[in-house]
Amino acid sequence: MARQRRHFTQEHKDEIVRMVLDGPRPIAHVAREVGIHDTTLGNWVKDYRRRHGDDASTTPAGAPKSLRERELERENRKLREENEFLKKAAAFFAKDHR
């Protein structure tokens, strides 16, 4: 039995690609988290880089971001992901004690 094909909006694809480009995690790790094949995500990354130029670390105005800005964005994204995980864990354990 074949799997049903899922469709993602371009905004959702770009958000997933930014997880790869802005963070230290490899494509295979992010693909596993999201539930897609790593080749698919690799194609999305290649397409994103082609659409946004080779340097994906520039602002929309075209000015390159500083190393510190990229580090802070990476840390901010990591903290947001950890916060979301903790919210889900708290909800899970709160549900068990009712």
One residue is enough: does segment 53-69 have a residue meeting the conditions in a helix (DSSP H, G or I), on the phi < 0 side of the Ramachandran plot and at pLDDT below 85? yes
Which numbered condition trips up residue 87, out of (1) modelled with pLDDT of 85 or more; (2) under 20 Å from residue 14 (Cα atoms)? (2)
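Rundown of residues vs (1) surrounded by 14 or more Cβ atoms within 10 Å (Cβ to Cβ); (2) modelled with pLDDT under 85; (3) not β-branched (Val, Ile, Thr), yes/no style:
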{"site": "8", "(1), (2), (3)": "yes, no, yes"}
{"site": "16", "(1), (2), (3)": "yes, no, no"}
{"site": "45", "(1), (2), (3)": "yes, no, no"}
{"site": "51", "(1), (2), (3)": "no, no, yes"}
{"site": "72", "(1), (2), (3)": "no, no, yes"}
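The values are calculated or read from the model by the stated rules, or taken from the named source; none is laboratory data. These figures come from a predicted structure and were not determined experimentally. Methodologically, a virtual Cβ is constructed for each residue, glycine included, from the backbone with ideal geometry; neighbour enumeration extends over all protein chains shown.
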